[in-house]
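Only one structure is covered here, and it is reproduced in the block below.
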Amino acid sequence: MKTLAPIFEAIERSAHRIREAITNEDLCYGESCNATGDMQLKLDIQSDLIIAEEFSKITAIKAIASEEKKEAETLHPEGRYMIAYDPLDGSSLIDVDLSVGTIYGIYDGEFQAKNMLAAVYVVHGPRLEMVTAYKGGVRHYIFRHGRFQEQETLHLKEKGKLNGPGGTQQYWPPHHKKLIDGLFAEGYRLRYSGGMVPDLHQILIKGGGLFSYPGTADKPEGKLRKLFEVFPFAFVYETAGGEAIDDKGRRLLDLGCDDPHETTPCFLGSKYEIAKVKEAYGV
Ligand code: AHM
Ligand code: MG
């Protein structure tokens, strides 16, 4: 495979099938059966199966790892690319009809951040949108009149206006609270839905700000998973001219990953806000 085009096409097909599932399927969180007696699957599991099926048709894909699978799965041993994905991030927001999304990290070889070739996310909101970070550019597509239409390339400004602070405030360390309060005192506006895809998409589209999910007393290593959530968005934000670090000031994309479900505290934003994070954390 000379380009990633067939992979992007499989992602587009999956986006349509997942959107159809979101729109038409009964929300079911249990073992219940539908009228025909078929087992109804949770939407996130259904989304996972859709993506796995689409990727299994592409021989260049060696293996996949998904938030819904305990271990990575080999598809084509002779393949070159490995793809990690979160099939339906924020699925708990579906019952309140907020935006959700799918996140993909595409690796040339093993699942290590240094091997990431491209990152893609799909937003299932009022519109169907897709953002790809590949070959140094962040491209934004909106699905209109039957196809994904390319918009202007996305860039983060030096400094933004939005603040998306994740995690339970009760368990934030004091220096983190100081950081978040400090940004609000500077005039930043709160933008946090609890869906990583729409929250980071909003900051990116509006030109900048900070999304944070710190290590907390109840979750010292944060909540968000390196492979399915953090690395792909770190790749998108860096490609757009922003920065993405952990609570020790290390580039997220320099971190190792020993287990597909490993998590890390994470801070993604424009340069000004990341400098504020470093100051607050003393790193
Ligand atoms: P999920 O994979 O179970 O949907 O959880 C991931 C989501 C992210 O989309 C979001 O950023 C985060 O969890 C919100 O967590 P919190 O409610 O603790 O801030
Ligand atoms: Mg998720």
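The values are calculated or read from the model by the stated rules, or taken from the named source; none is laboratory data. Please read all numbers here as calculations on a predicted model, not as lab measurements. Note that each Cβ is placed from the backbone with ideal geometry, even for glycine, and that neighbours are counted across all protein chains shown. All accessible areas refer to the heavy atoms of the entire protein, side chains included, with ligands and DNA or RNA removed. Shrake-Rupley method; radii C 1.70, N 1.55, O 1.52, S 1.80 Å.
Which residues, taken from segment 90-109, are within 13 Å of ligand 1 (Cβ to nearest atom) and buried (at least 24 other Cβ atoms within 10 Å of the Cβ)?
Selection gives V100, G101, T102, I103.
Checking L43 against (1) modelled with pLDDT under 95; (2) open to solvent by 10 Å² or more (accessible area, probe 1.4 Å), only one condition comes out false. Which one?
Evaluating L43 over (1) modelled with pLDDT under 95; (2) open to solvent by 10 Å² or more (accessible area, probe 1.4 Å) leaves (2) as the failure.
Looking at E229, E243, which one is open to solvent by less than 10 Å² (accessible area, probe 1.4 Å), outside the structural domain of Y107 (by TED's automatic domain parsing), touching a helix residue (DSSP H, G or I) at 6+ places or on another chain (Cβ under 9 Å) and not small (G, A, S)?
Working: E243 fails: open to solvent by less than 10 Å² (accessible area, probe 1.4 Å).
Unique residue meeting the criteria: E229.
Out of curiosity, is V123 under 15 Å from F233 (Cβ atoms), outside any loop (DSSP other than H, G, I, E, B) and in contact with a helix residue (DSSP H, G or I) (Cβ under 6 Å, 6 or more places away or on another chain)?
Values: under 15 Å from F233 (Cβ atoms): yes; outside any loop (DSSP other than H, G, I, E, B): yes; in contact with a helix residue (DSSP H, G or I) (Cβ under 6 Å, 6 or more places away or on another chain): yes.
For V123, the condition - under 15 Å from F233 (Cβ atoms), outside any loop (DSSP other than H, G, I, E, B) and in contact with a helix residue (DSSP H, G or I) (Cβ under 6 Å, 6 or more places away or on another chain) - is met.
For segment 68-89, does any single residue satisfy the condition of being in a strand (DSSP E or B), of a type in the set (D, E, K, R) and either open to solvent by less than 50 Å² (accessible area, probe 1.4 Å) or modelled with pLDDT under 95 (or both)? Break it down stepwise before answering.
First, the residues of segment 68-89 that are in a strand (DSSP E or B): 73-74, 81-89.
Narrowing the set further to residues that are of a type in the set (D, E, K, R) leaves 73, 86, 89.
Those left that are additionally either open to solvent by less than 50 Å² (accessible area, probe 1.4 Å) or modelled with pLDDT under 95 (or both): 86, 89.
Scanning segment 68-89 turns up at least one residue that is in a strand (DSSP E or B), of a type in the set (D, E, K, R) and either open to solvent by less than 50 Å² (accessible area, probe 1.4 Å) or modelled with pLDDT under 95 (or both).
Taking the condition of being in contact with a helix residue (DSSP H, G or I) (Cβ under 8 Å, 6 or more places away or on another chain) and either of a type in the set (K, R) or open to solvent by less than 10 Å² (accessible area, probe 1.4 Å) (or both), how many residues in segment 180-195 meet it?
Here the count works out to 3.
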